[in-house]
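Everything on this sheet refers to the single structure shown next.
The values are calculated or read from the model by the stated rules, or taken from the named source; none is laboratory data. Please read these numbers as outputs of a predicted model, since none were measured by experiment. Here the Cβ is made from the backbone with ideal geometry for all residues, glycine too, and neighbour counts use every protein chain on show. Just so you know, the surface numbers come from the protein's heavy atoms only, side chains and all, with ligands and any DNA or RNA stripped out. Shrake-Rupley method; radii C 1.70, N 1.55, O 1.52, S 1.80 Å.
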Amino acid sequence: MSIISAPARSTAGEFEQLDVVVHDRHVVVDGLHTQYLEAGMGPTLVLLHGHEQSATGWRWIVPALALTHRVVALSLPGHGDTDAGDGAHAPGTDLAPFVTAFLDTLGVERLDVVGHSAGGAVATRMALDDPDRIRTLCLVDSAGLGREVHPLLALDTLPGFGELAIVISRLPGGNVGRSIMSAAMLFARPWTVPAEFFTEQHALARRPGQLEASTAMARAMFGPTGQRQILLDRLDALTMPTLVMWGGCDYVLPVAHAHTAVRRLPHGRLALFPGCGHLPHVEQPARFATVLGAWLAEQHSTAGRRDVGAT
């Protein structure tokens, strides 16, 4: 196990001058209207968001990563502008097959994949199901690595509670209350988060089906006693380089999960972000992009040397 020390604190404003065009694209995947963001050229890097988020939640780091990669940030079913779907691709199901179908539609063969929270569990399943396709794996404050979870998330999964929370959030002023509660849970320093993040969260909450899809995803992942799906015992099967990134003040999923996971991973590395909560790519985007970009460059360089040595 190795540990990366994240550099000094920095903000989203450092990326404003980057000359990168981010495209909002749409494609049909197994009959499902699917939204994704795309930027840059090079090896494909896929970003998978977490609970109550969408592809736009990655917007703070996409420009920096797109300088060296073709970055694809996907909105999972029922989130962002992606249809909710039903059956095999419903929001509360295992979404790894949906992401695989999305990659097949785009013609992506090998990729680097980053998964945050619930998206981390999806990325882990993809790596377990098709390890030859995943060049590197990055798990950001990922679900599936331990039992503990914030009590409010567990409460939200109880029958009736999630539906009541949705109704309240749609009353006049309800979305403001929901945002205040979410910010206190998601961030170590909510006052440092870009105002645009909260504006986008309000817009997402008003989209038909978004909150219902998020509730279905939460109920699939969490229950009254904590996380339902624990993947720790399968991590030793992941032989690709894996970076575990975690906010040191994550109130949603405790940082102890990161330490446990890295000890189980054959080629795991840990990057901690002190003074940061559950969304380091939003709360400390420049630090996040710097650490992830440097690690990806190191892994690609190592793989290149192995390929040369094999010829």
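When we screen A213, A258, A218 for residues that are in contact with a helix residue (DSSP H, G or I) (Cβ under 9 Å, 6 or more places away or on another chain), of a type outside the set (D, E) and open to solvent by less than 10 Å² (accessible area, probe 1.4 Å), the only hit is A218. Flag not set for A84, criterion: at pLDDT below 95 and closer than 20 Å to L243 by Cα.
Report whether or not A271 is surrounded by fewer than 20 Cβ atoms within 10 Å (Cβ to Cβ), within 24 Å of T44 (Cβ to Cβ) and hydrophobic (A, V, I, L, M, F, W, C). Against the criterion (surrounded by fewer than 20 Cβ atoms within 10 Å (Cβ to Cβ), within 24 Å of T44 (Cβ to Cβ) and hydrophobic (A, V, I, L, M, F, W, C)), A271 does not qualify. Taking the numbered list (1) within 14 Å of the chain's Cα centre (by Cα); (2) under 13 Å from L47 (Cα atoms) in turn, T136 passes all entries but (1).
Which ones in the range 259-294 are more than 16 Å from T124 (Cα to Cα) and hydroxyl-bearing (S, T, Y)? Passing the criteria: only T290.
Of everything listed in (1) in contact with a strand residue (DSSP E or B) (Cβ under 6 Å, 6 or more places away or on another chain); (2) touching a residue at least 60 places away in the same chain (Cβ under 8 Å); (3) surrounded by 24 or more Cβ atoms within 10 Å (Cβ to Cβ); (4) not basic (K, R), the single unmet condition for T105 is (3). Between A73, A12, A6, A64, the distinction of being open to solvent by 10 Å² or more (accessible area, probe 1.4 Å) and modelled with pLDDT of 95 or more belongs to A64 only.
The set of residues in the range 135-178 being buried (at least 17 other Cβ atoms within 10 Å of the Cβ), modelled with pLDDT under 75 and part of a loop (DSSP other than H, G, I, E, B) consists of T157 alone.
Taken over the range 228-261, residues that are of a type in the set (S, T, Y) and either within 16 Å of G50 (Cα to Cα) or assigned to a loop (DSSP other than H, G, I, E, B) (or both) amount to 2. In the set (1) buried (at least 18 other Cβ atoms within 10 Å of the Cβ); (2) at pLDDT below 95; (3) out of contact with any helix residue (DSSP H, G or I) (no Cβ under 7 Å at 6 or more places or on another chain), the condition left unmet by G31 is number (1). One residue stands out in the range 179-227 among those that are among the basic types (K, R) and in a helix (DSSP H, G or I): the one that is modelled with the highest pLDDT, namely R219.
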